[in-house]
Amino acid sequence: MKDAVVLNQEETNSLITISNPPVNALSHEVRKGLMKAINDSLEDPGIETLAIIGSGKFFSAGADIQEFGKPSQGPQLPEICNLIESSRKPVFALINGTALGGGLELALSAHFRIAVPSAKIGLPEIHLGLLPGSGGTQRLPRIIGAEKALEMMLNGNPVSAQVGLSYGVIDWVDETGDLTVSARGIIQEVLEEKQSFTATRERTEGLQDEGGNRNAIEDQRIVWGKKAKGLYSPFQIIDCVKNALSLPFQEGLQFERESFNRCLESPQRKGLIHAFFAERRCKKIHEIRDAQPRKLETLAVLGGGTMGGGITVAALDAGLNVVMIERDEASLDKGRTNVEKVYDRHISKGRMSSDEKQKILSRYHPTTDFEKVSSADMVIEAVFEEMEVKKDVFRKLDQCVRPGTVLASNTSYLDIDQIASTTSRPQDVLGLHFFSPANIMKLLEIVVPSRLSDDALATGFALANRMGKVPVRAGNSDGFIGNRILGAYAKVAGYMMEDGTSPYRIDEAVRDFGYPIGPFQMFDLAGGDIGWANRKRNAESRDPQERYVHVADRICERGWFGQKTGRGFYLYEENSRNGFEDPEVLAIIDEERSKKEIRIRDYDPEEIIRRYLGAMVNEGAKVLGEKVARCPSDIDAVQLYGYGFPRFRGGPMKYADMYGIDRILQDIQEFSEEDPFFWKPSELLQDLVSKGQTFDDLNLQ
C-alpha cells in the first residue's frame, strides 16, 4: 500500500509530503505518518529545516469524512500541531493548493507559510456545527486579530492566497510556478540570515488593538444573536476567540477542546453532518453510473421571463453558450433586461468589470427565430405553467432540433410523460425543475419520466454539476418531491389559520423553528397566482372528503398576489419586501371561519410545529413509499436547498429521526381523530415504527 505521508531529505531539509488523494484528508494513516516524519526529522541532527506540502491540488482539505461518527484514533491533530509549533527547527508549510479546516490549522502551527497564487485557505467547520478544534481559534487571532479571524471562522468561506497575504496568514505568495524550488530559496535565505522564527502561540500582532478586538467580538455576538436562530457553534467560536485574547495559550487550547467536544455532542452537529452527506449522496445515481453524458456546449432557453432569465444567467456563469428564444421583440427585450440586470448589479457592487460582463454576454444570443434551437445540445422550456402550452412547444421542438438533443421542461408540477408523448423522441425528454431565482437557488429537481434514456439523464446531472446545483432525482409525480410535500404542509398551515390561529403567528412560529420565512410570507414571495392556478387545475379531481380552505382563493380574487402586487397575506409599502399585518385579510379569515361555524382554536408555537412538521414528514414518507424519492436524505436535500428548511436540523426526515418517528406517528394519530382524511398515517411510517427502524436506515450508503 502506498504511504500516506512521504519523507524525503533534500540536503539539510526534510520535505514531508501528504499523499492521500483526492483531497489529502487528515486520516488516521496520514496523522500517523505526519507524526513519525516530523519526529524523525526533529531527531535527525543532519536536518536543519522541515517543509510540509500536499500532493496534487490540495495541501489538505482537513478531516477525513470517512471517519465522521467513528471513534477517533491517535495521534490526534492537536498533538501534531503542538509538535510542529514547539520545534526548535523552523517548519515551513508549502500551501500548494486548498488548505481547509485541519489542513489550515496544520499550516498555522508552522513557523512560515508559502502559498501558490491559486491556493485557497479557510476554516469551514461552522458548516458542520463544529469549530476549529486543533488550535485554529487560538492561533489565528494572534496573527490577524479578532475581526478577520471571526470573519473567516463564522462565514466558513475560503479566501484566496492574496487575501491571506494581506491578512498576514500567508508570508509569501510564490508567482514562479514552482513552489518547491522557490521554497528552497526562501529556506536558504532564512538559514543564511539566521532569521529568528516565532511560534504562532507567541505572536502578538493580532493582539495589539485591544479595543478593536473587543468591539469585533461584541459586534459578532449581536449579529449572531439576531440571525443564529438557535445555532450553537457560532457562539462557541466567539467565546474561543475571546479567550484567545485574554487567556494564556494552553488555557485557551483547553477551552477550545472543551468547546469542540460540546459541539460534537450537539444535535445541531448531527443535523449539519447529515446535511453534508445528503448533498453528496444525492449525486450518486445508479442509473448513470456507466452512462456518458451527451455533448453539452450550447443551451437554448425558451422564455426570457423571471425563470428563463435566471436559467440563462446560471448557464452563462457555467461557461455555456446560450440561445434565448422569445415570441416577439418586446418579450425579448424584457428577457435581455432580466439577464443584463444581474451583471449590472455585480458591476455596481464591485464584483465584476464591464469588460467581464461583455465577455460573458458574447456567449448570449437572444432571438425571436425559433429555428435557432437547431444549434442547441439541450433545450430548456421555461414558458407558462399550462399543459397545453407546453405540449405545443414540444411538438414544435420535435420538428426543429437535431437528433440526440436533450429536451427539458422547467415545470413545477406537470406530468413529464404527457409532455414527452407529444414528441417522437420521449427517450430524450426530462424535467428540470429550477427554483427561483434560478441563478442563485442551488436545488435542481431532475424529473425522470418512464422512457428517459440513461445518457439523457446523465446529461441533466452534468448540467447541474456545471451550474453548481444540488441535483436530486425525482420520480414523475404531481409536484415531484418538493412541491408535493409543500402541498401537504401548506394545507395544514391553512387549516390552522382557518381554525383560529393568525397567519402571522404561524409564520412567527415557523421562523422561530429556524426557517428564514414562514409559509404565508413564502406564498407572497412566490406569487399567490401560481398556487391559485394549480388549485384551479386540480379542482375537478379534488376528493370531496378533503377539507378545503378558500381564504387564499378569496385573496387572489381581489388581485392580491403578494409582493409583486403590493398585497397578499401581508401589506407591502412601495418597493419594500417587508410586509405588515393586513386587517382585511384577518377579516376574510373570520368570514370564512364563520361560514363553516368553526370553533376558534389558537395553537401555541409548539402545536404549530407539531402539525407543520407532522404533515411534512408524513407526506415525505408517502413520497418515499411510492418511490418518487430514492431515499430519505434526498427529501432532506430538497427541503434544505429549495424550501429553506433549517440546515442545522438536517431536513424533515432527519428531524423526524431525532424527534422520534414513534412520536411523529403518535402526533399524526392524535390529529387524525379530527381529520382522518388528511391525517392518514403513511404505511411506510407505520412499518418503520413497528420494526423499530428509522428513516436513516433507508438511506443509500
**Message:** Among the numbered criteria (1) under 30 Å from residue 411 (Cβ atoms); (2) surrounded by fewer than 16 Cβ atoms within 10 Å (Cβ to Cβ), which one does residue 274 miss?
**Reply:** (2)
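Given the criteria assigned by TED's automatic domain parsing to the domain that holds residue 446, polar (S, T, N, Q), at pLDDT below 95 and within 32 Å of the chain's Cα centre (by Cα), does residue 412 qualify? Steps first, please.
Values: assigned by TED's automatic domain parsing to the domain that holds residue 446: yes; polar (S, T, N, Q): yes; at pLDDT below 95: yes; within 32 Å of the chain's Cα centre (by Cα): yes.
Spelling it out, residue 412 is indeed assigned by TED's automatic domain parsing to the domain that holds residue 446, polar (S, T, N, Q), at pLDDT below 95 and within 32 Å of the chain's Cα centre (by Cα).
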**Fill in**
Pairing a residue in the range 147-174 that is farther than 13 Å from residue 123 by Cα with any residue that is crowded, with 16+ Cβ neighbours inside 10 Å and modelled with pLDDT under 95, where Cβ atoms lie under 6 Å and the two sit 6 or more apart in sequence or on different chains, gives 174/182
**Asked** For residues in the range 378-401 being in contact with a Gly (Cβ under 8 Å, 6 or more places away or on another chain) and not in a strand (DSSP E or B), which is surrounded by the most Cβ atoms within 10 Å (Cβ to Cβ)?
**Response** 382
**Complete:** In the range 361-377, anything surrounded by 19 or more Cβ atoms within 10 Å (Cβ to Cβ) and among the aliphatic types (A, V, I, L, M) is listed as 373, 376
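Specify which of the listed residues (383, 401, 379, 373) is more than 28 Å from the chain's Cα centre (by Cα) and under 15 Å from residue 308 (Cβ atoms).
On the way: 383 fails: more than 28 Å from the chain's Cα centre (by Cα); 401 fails: under 15 Å from residue 308 (Cβ atoms); 379 fails: more than 28 Å from the chain's Cα centre (by Cα).
Being more than 28 Å from the chain's Cα centre (by Cα) and under 15 Å from residue 308 (Cβ atoms) holds for just one of 383, 401, 379, 373, which is 373.
Within the range 297-307, count every residue that is on the phi < 0 side of the Ramachandran plot, part of a loop (DSSP other than H, G, I, E, B) and surrounded by 19 or more Cβ atoms within 10 Å (Cβ to Cβ). Give the derivation first.
To start, the set of residues in the range 297-307 that are on the phi < 0 side of the Ramachandran plot comprises 297-302, 304-307.
Filter once more, keeping what is part of a loop (DSSP other than H, G, I, E, B): 297, 304-305.
From the residues that got through so far, the ones that are surrounded by 19 or more Cβ atoms within 10 Å (Cβ to Cβ) too are 304.
The qualifying residues number 1.
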**Request:** Report, ordered by the first and then the second residue, all pairs with beta carbons closer than 7 Å, sequence separation of six or more or different chains, a first member in the range 368-385 that is within 18 Å of residue 335 (Cα to Cα), and a second member that is surrounded by 19 or more Cβ atoms within 10 Å (Cβ to Cβ) and charged (D, E, K, R).
**Result:** 368/326; 381/390; 383/390
**Prompt:** Within the bounds of the range 609-618, is there any residue that is among the polar types (S, T, N, Q) and at pLDDT 95 or above?
**Reply:** yes
**Prompt:** Would you pick out the residues in the range 189-209 that are polar (S, T, N, Q), farther than 14 Å from residue 111 by Cβ and assigned to a helix (DSSP H, G or I)?
**Reply:** none
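In the range 426-441, is there at least one residue being of a type in the set (A, V, I, L, M, F, W, C), crowded, with 18+ Cβ neighbours inside 10 Å and assigned to a helix (DSSP H, G or I)? Talk me through it step by step, then tell me what you get.
Looking only at the range 426-441, we keep the residues that are of a type in the set (A, V, I, L, M, F, W, C), and these are 429-430, 432, 434-435, 438, 440-441.
Retained after the next criterion (residues that are crowded, with 18+ Cβ neighbours inside 10 Å): 429-430, 432, 434-435, 438.
The next check asks that each one be assigned to a helix (DSSP H, G or I); those that pass are none.
No; the residues of the range 426-441 include none that is of a type in the set (A, V, I, L, M, F, W, C), crowded, with 18+ Cβ neighbours inside 10 Å and assigned to a helix (DSSP H, G or I).
Of all the helices (runs of 4 or more DSSP H) wholly in the range 221-296, which have at least 1 residues that are within 26 Å of the chain's Cα centre (by Cα) and within 30 Å of residue 461 (Cβ to Cβ)? Outline the logic, then answer.
Working: elements: 233-246, 249-265, 267-281.
Qualifying helices (runs of 4 or more DSSP H): 267-281.
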**Qualifying residue in the range 506-526 (condition: at pLDDT below 95 and over 23 Å from the mean Cα position of the chain (by Cα))** = yes
**Prompt:** For residue 11, are the conditions met, namely being more than 21 Å from residue 132 (Cβ to Cβ) and either assigned by TED's automatic domain parsing to the domain that holds residue 200 or touching a Ser or Thr at 6+ places or on another chain (Cβ under 7 Å) (or both)?
**Reply:** yes
**Prompt:** Residues of the range 194-216 being farther than 25 Å from residue 89 by Cα and crowded, with 18+ Cβ neighbours inside 10 Å, which ones?
**Reply:** 213, 216
**Request:** Count, please, the residues in the range 50-72 that happen to be among the polar types (S, T, N, Q) and over 25 Å from residue 126 (Cβ atoms).
**Result:** 1
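When the range 603-648 is examined, which residues are found to be closer than 29 Å to residue 502 by Cβ and aliphatic (A, V, I, L, M)? Walk me through it before giving the result.
Initial filter on the range 603-648 (closer than 29 Å to residue 502 by Cβ): 603-620, 638-640, 642-648.
Within the range 603-648, 608, 609, 613, 615, 616, 617, 638, 640 qualify.
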**Asked** For the range 283-291, does any single residue satisfy the condition of being over 30 Å from residue 694 (Cβ atoms) and in contact with a Gly (Cβ under 8 Å, 6 or more places away or on another chain)?
**Response** no
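Residue under question is residue 497, and the condition is that it be of a type in the set (A, V, I, L, M, F, W, C), more than 24 Å from residue 623 (Cβ to Cβ), under 23 Å from the mean Cα position of the chain (by Cα) and surrounded by 18 or more Cβ atoms within 10 Å (Cβ to Cβ); does it hold? Step through it out loud before you land on a result.
Numbers: of a type in the set (A, V, I, L, M, F, W, C): yes; more than 24 Å from residue 623 (Cβ to Cβ): yes; under 23 Å from the mean Cα position of the chain (by Cα): no; surrounded by 18 or more Cβ atoms within 10 Å (Cβ to Cβ): yes.
No; evaluated as a whole, the condition is false for this residue.
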**Asked** Does any residue in the range 252-270 that is more than 21 Å from residue 69 (Cβ to Cβ) come within less than 7 Å, Cβ to Cβ, of a residue that is among the hydroxyl-bearing types (Ser, Thr, Tyr) six or more places away or on a different chain, and which pairs are these?
**Response** 256/137
**Message:** One residue is enough: does the range 541-553 have a residue meeting the conditions closer than 28 Å to residue 306 by Cα, in contact with a Ser or Thr (Cβ under 9 Å, 6 or more places away or on another chain) and among the small types (Gly, Ala, Ser)?
**Reply:** no
**Message:** Residues that are surrounded by fewer than 23 Cβ atoms within 10 Å (Cβ to Cβ), acidic (Asp, Glu) and more than 27 Å from the chain's Cα centre (by Cα): does the range 606-615 have at least one?
**Reply:** yes
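Check the range 358-365 and report whether any residue there is farther than 24 Å from residue 527 by Cβ, without any contact (Cβ under 8 Å) to a residue 12 or more places away in the chain, of a type in the set (D, E, K, R) and part of a helix (DSSP H, G or I).
In the first step, residues of the range 358-365 are kept if they are farther than 24 Å from residue 527 by Cβ; the result is 358-365.
With the extra rule that they be without any contact (Cβ under 8 Å) to a residue 12 or more places away in the chain, the set shrinks to 358-359, 362.
Okay, now just the ones that are also of a type in the set (D, E, K, R), so 359.
Restricting the remaining residues to those that are part of a helix (DSSP H, G or I) gives 359.
Within the range 358-365 (the criterion being farther than 24 Å from residue 527 by Cβ, without any contact (Cβ under 8 Å) to a residue 12 or more places away in the chain, of a type in the set (D, E, K, R) and part of a helix (DSSP H, G or I)), the answer is yes, since at least one residue qualifies.
Each row is one residue, and each column tells you yes or no for (1) within 30 Å of residue 651 (Cβ to Cβ); (2) free of Cβ contacts under 8 Å to residues at least 24 places away in the same chain; (3) not hydroxyl-bearing (Ser, Thr, Tyr).
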{"residue": "286", "(1), (2), (3)": "yes, yes, yes"}
{"residue": "335", "(1), (2), (3)": "no, no, yes"}
{"residue": "345", "(1), (2), (3)": "no, yes, yes"}
{"residue": "354", "(1), (2), (3)": "no, yes, no"}
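Only one residue in 350, 310, 319 is at pLDDT below 95, within 25 Å of the chain's Cα centre (by Cα) and either not aromatic (Phe, Trp, Tyr) or not in a loop (DSSP other than H, G, I, E, B) (or both). Which one?
Working: 310 fails: at pLDDT below 95; 319 fails: at pLDDT below 95.
The unique qualifying residue is 350.
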**Scan of the range 4-53 for residues that are in contact with a strand residue (DSSP E or B) (Cβ under 9 Å, 6 or more places away or on another chain), of a type outside the set (S, T, N, Q) and farther than 17 Å from residue 103 by Cα, ordered by number** = 7, 10, 36, 40, 42, 44, 46, 47, 48
**Which numbered condition residue 589 fails, given (1) over 14 Å from residue 501 (Cα atoms); (2) crowded, with 19+ Cβ neighbours inside 10 Å; (3) of a type in the set (A, V, I, L, M)** = (1)
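The values are calculated or read from the model by the stated rules, or taken from the named source; none is laboratory data. Quick caveat, the model's predicted, so the values are computed rather than measured. Quick reminder, even Gly has a Cβ in these numbers, built from the backbone with ideal geometry, and neighbours come from all protein chains shown.
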